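See below for the structure under consideration.
The values are calculated or read from the model by the stated rules, or taken from the named source; none is laboratory data. Only a predicted model underlies this, so the values are computations on that prediction, with no experimental measurement involved. No Cβ is skipped: glycine too gets one built from the backbone with ideal geometry, and neighbour counts run over all protein chains shown.
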Amino acid sequence: MSIALDIAHETTTRPVTGAKVPLIGLPKTGVTAALRDFGLNEKEARMRASQLWNWIYVNGTTEFSAMTNIAKGFRTELEQAFSLDRPEIVTEQVSNDGTRKWLFRFRDPAQPNMPPVDVETVYIPEADRGTLCVSSQVGCTLTCTFCHTGTQKLVRNLTAGEILSQVLMARERLGDFPGGTRPDDGGLVPGGDNRAVTNIVMMGMGEPLYNYENVKQALLIAQAGDAISLSRRRITLSTSGVVPYIEPTGREIAVQLAISLHAVRDDLRNELVPINKKWNLESLLEACRTYPGLNNARRITFEYVMLKGINDSDADARELVRLLAKIPAKINLIPFNPWPGSNYECSDWERIERFADIVNRAGYASPVRTPRGRDIAAACGQLKSESERLSKKQRDALEVAETID
Ligand code: SAH
Ligand code: SF4
C-alpha cells in the first residue's frame, strides 16, 4: 500500500514524505481521503474513517493497538502511516477552587527538528457545568495592554489537531472517556454521569479569528454528533474584534460569540485593544448587529475588564448600555487579573458594584465574572508560555538540519 497523501486541500497538516500523518483534527472526509490514498476503496475508507473517529473522539483512544474492531495486521499498517499523537503534559496545576491549568507541549510532526511549543489550557468547574478554556495560538500578534498573553510575541498558530488535542487531554485527565475515573479532589469536578467538560470557550492564548481555518475545523469536530458532540450553544468564541471574520464565524461555525469590548470610546479602545485602530467600534458593533443566528435566545456576550480609573466610571457604564441598546447582548464584567509587570489595577469592589448596578438596571443580569484560579495564574488574561519565536537565523539553521536528516 502506498502512503503518498494528497489531502492538503482538506486539512492543515503539512504532509512530509516519511512523516506519519496526524489524524486528530482532520475532518472525517479528510480521514476518508487519507485512507483512500493509503489504498482502501471508497466504501472501505468510509467505514474505517467512522471507526477511527469513534475510537479517537468517543473512546479517547490513543493507540491503534487498542482498536479491537480492526484486524491486528491492519492496525499495525495504520500505526506505521498515521499518528494519534497528543501533547506531552509539562505541568498540571490544581487551584484551591478546583480550577486546573495544564501546560501542554506540542511537537510539529511535519517539522520534527523545530523546537516544541508550549500552550496553556484551563478547566473551570462549577456546580452545573465544567468549562474548558482553550488556546488557539502560541502567543498573540495583538498587544492589548492589560493582557499577559499580549506580551508574548506570536510563535505560531496551532493546528486544528492541536486545538482539539487540548480538549481530548482535558477529557482524559478528568475521566470523561468511557472507563475513565474522575480526579479525587473532593467533588469539585462535576461528577456522576455528567461530563466533566460541558462547555468550551476559545478564550485561552491567542486571537482565534487570526487562526480562523484551524479554529473552524476544530470546533466543527467538537460539535459533530459522532465526535465530541458538544452543542454549539455550549461553545463560545471570544474575539478582540477581527471584524471580517465575525460573519463567517456565525455562518460557518455557528457558535456563541463573545466580544472583548473593554472600552466605549474609540480613543480609549485604540489604546487598550489596539486592533480598534483597524476596525473601530462602529464597524465592530455593525458586525455584531448582523451576526448570523443572533436572537434573544442566542445573545452576544460583551466582555468588559474593570480597570481602576480607566474605563469604570458611571458615564462609561451608561455609554455601554447605550451602545448595545439594539443588540441582543449579555455583559460580562471581568475584574482585572494582575500579572507580573502589568500597569493596571482592578477597580474597587464598590465601583464594580455601582457599574454593575447601572448595567443591571438597563436589563442585563448577573454580569460580574468571578475570578477563578488566580493562585495558579489561570485567570483571564494571565496565560503565557515560555515559547519564543526563533530568529530567522535559528529557523534557517534548523531547516537545514531537517533537510540533512
Ligand atoms: N484573544 C481573544 C480571546 C482570549 S482573551 C480575545 O481577546 O477576546 C479572553 C478574555 O480575557 C478577553 O476578553 C480578554 O480581553 C480578557 N483579558 C485579557 N487580559 C485580562 C486580564 N488581565 N484580566 C481580565 N481579563 C483579561
Ligand atoms: Fe491577544 Fe486577546 Fe490578549 Fe488581546 S486580549 S493580546 S487579542 S489574547
Considering segment 290-308, residues that are closer than 21 Å to Asn360 by Cα and loosely packed, with under 15 Cβ neighbours inside 10 Å, and then whichever is farthest from the chain's Cα centre (by Cα), we arrive at Lys308
For Phe106, indicate whether it is surrounded by 22 or more Cβ atoms within 10 Å (Cβ to Cβ) and away from ligand 1 (no atom under 16 Å from the Cβ). yes
Does any residue in segment 206-217 that is touching a residue at least 12 places away in the same chain (Cβ under 8 Å) come within less than 7 Å, Cβ to Cβ, of a residue that is among the charged types (D, E, K, R) and surrounded by 22 or more Cβ atoms within 10 Å (Cβ to Cβ) six or more places away or on a different chain, and which pairs are these? none
Flag if Gly150 is modelled with pLDDT under 95, in the same structural domain as Ala377 (by TED's automatic domain parsing) and near ligand 2 (Cβ under 8 Å from one of its atoms): yes
Scanning segment 135-156 residue by residue, those more than 9 Å from ligand 1 (Cβ to nearest atom) and not in a loop (DSSP other than H, G, I, E, B) turn out to be Val138, Thr151, Arg156
